[in-house]
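K.L.:
First, the structure itself, so that you have it in front of you.
The values are calculated or read from the model by the stated rules, or taken from the named source; none is laboratory data. All values derive from a computational prediction rather than experimental measurement. All Cβ positions, glycine included, derive from the backbone under ideal geometry; neighbour counts span all protein chains shown.
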Amino acid sequence: MKSNCFRFSSITFSIGIGFLVFISSCNNHTEADKSADAGKRVFPEYHYALDSVIKSPNGIIGGIELGQSKQVISAIQISKAIEKTTNHITFEQKIDSISKYSITYLMENDTITEMEIHITSANSDEGDKILSDLKKYYQAKYTAPMMDKGYFVFNCFDSKKQNFTITLTDNSDASNSVIDMSVYREK
């Protein structure tokens with residue numbers, strides 16, 4: 001009887017140690033994955049949606065600035081246009097399983113004059129985080145926003161020292177998070 005109890009205790013102890021080693025190796029693997037993913041991120045200090053929407057620290061959105069040729073758009077958009085005319089091109093892309101965005105480039109004479117971004121999420125907490133990090137990002141890059149009639153308004157200068165404006169607003173309702181952003185020059 002004594003040897004059976006000892007054998008059972010020994011097996012239980014071995015299984016317990018094996019389980020702890022397995023859990024420990026899983027945790028180390030997860031941390032390695034997190035740091036590897038963080039290395040791939042464009043904006044690791046912000047919500048991951050900014051990697052999809054803003055895409056690059058250059059330019060305003062995706063390395064694009066107002067006044068550039070429409071030819072630069074195809075270089076940064078990974079999806080096909082969902083709507084295209086001579087005056088605008090619209091793209092839509094998923095961020096994750098609950099969030100997506102669309103971006104419309106408005107043009108005159110094949111030159112980008114305005115960008116409109118519409119971000120939606122089925123989770124209001126995610127939407128709040130995205131909006132908060134968009135404000136933080138553009139405040140760090142350009143200037144602190146002013147509040148005007150429910151809009152966050154950033155008065156900015158591009159790489160050519162030309163003035164432009166970014167407006168950011170929360171149009172969420174009870175069931176969806178909706179963030180609208182416009183980039184334009186005052187006329």
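K.L.:
I'd like to know if segment 93-103 contains one or more residues that are hydrophobic (A, V, I, L, M, F, W, C), over 28 Å from A140 (Cα atoms) and either outside the structural domain of A140 (by TED's automatic domain parsing) or surrounded by fewer than 17 Cβ atoms within 10 Å (Cβ to Cβ) (or both). Give the steps one after another, and end with the answer.
P.N.:
We begin by selecting, within segment 93-103, every residue hydrophobic (A, V, I, L, M, F, W, C); these are 95, 98, 103.
Now restrict to residues that are over 28 Å from A140 (Cα atoms): none.
Checking segment 93-103: not a single residue is hydrophobic (A, V, I, L, M, F, W, C), over 28 Å from A140 (Cα atoms) and either outside the structural domain of A140 (by TED's automatic domain parsing) or surrounded by fewer than 17 Cβ atoms within 10 Å (Cβ to Cβ) (or both).
K.L.:
Could you list, in sequence order, the residues of segment 150-169 that are surrounded by fewer than 15 Cβ atoms within 10 Å (Cβ to Cβ) and either under 29 Å from S97 (Cα atoms) or not assigned by TED's automatic domain parsing to the domain that holds E65 (or both)?
P.N.:
G150
K.L.:
With S99, S69 as the choices, which residue is hydroxyl-bearing (S, T, Y) and more than 25 Å from N163 (Cα to Cα)? So that I can check it myself, show each step before the final result.
P.N.:
Working: S69 fails: more than 25 Å from N163 (Cα to Cα).
Checking each option against the conditions leaves just S99.
K.L.:
Oh, and also: So, in segment 138-187, how many residues would count as being more than 21 Å from the chain's Cα centre (by Cα) and under 22 Å from N123 (Cα atoms)?
P.N.:
Of the residues in that region, 2 qualify.
K.L.:
Only one of M107, M147 is modelled with pLDDT of 90 or more, outside any loop (DSSP other than H, G, I, E, B), loosely packed, with under 14 Cβ neighbours inside 10 Å and hydrophobic (A, V, I, L, M, F, W, C). Can you tell me which? Before you say what the answer is, go through the steps one by one.
P.N.:
Working: M107 fails: loosely packed, with under 14 Cβ neighbours inside 10 Å.
Step by step, each of M107, M147 is checked, and only M147 is modelled with pLDDT of 90 or more, outside any loop (DSSP other than H, G, I, E, B), loosely packed, with under 14 Cβ neighbours inside 10 Å and hydrophobic (A, V, I, L, M, F, W, C).
K.L.:
Is it true that S182 is at pLDDT 95 or above and of a type in the set (G, A, S)?
P.N.:
Values: at pLDDT 95 or above: yes; of a type in the set (G, A, S): yes.
Considered against the rule, which asks whether it is at pLDDT 95 or above and of a type in the set (G, A, S), S182 comes out as yes.
K.L.:
Another question, if that's okay. Scan segment 156-180 for residues that are part of a loop (DSSP other than H, G, I, E, B) and over 20 Å from I60 (Cβ atoms) and jot them down.
P.N.:
Just the residues of segment 156-180 that are part of a loop (DSSP other than H, G, I, E, B), to begin with: 158-162, 171-176.
Within segment 156-180, N171, S172, D173, A174, S175, N176 meet the criteria.
K.L.:
Of everything in segment 61-85 that's exposed (fewer than 13 other Cβ atoms within 10 Å of the Cβ) and at pLDDT 90 or above, which residue is farthest from the chain's Cα centre (by Cα)? Spell out how you get there, then give the answer.
P.N.:
The initial filter retains those residues of segment 61-85 that are exposed (fewer than 13 other Cβ atoms within 10 Å of the Cβ), namely 69, 71, 74-75, 78-80, 82-85.
With the extra rule that they be at pLDDT 90 or above, the set shrinks to 69, 82-85.
On the way: S69: 24, I82: 20, E83: 22, K84: 24, T85: 27 Å.
Ranking the candidates gives T85 first.
K.L.:
Separate question: Six or more apart or on different chains, Cβ under 9 Å: which pairs go from a residue in segment 68-88 that's in contact (Cβ under 8 Å) with a residue 24 or more places away in the chain to one that's hydroxyl-bearing (S, T, Y)? Could you list them?
P.N.:
Qualifying pairs under 9 Å: Q68/T111; S69/T111; K70/Y105; K70/T111; I73/Y105.
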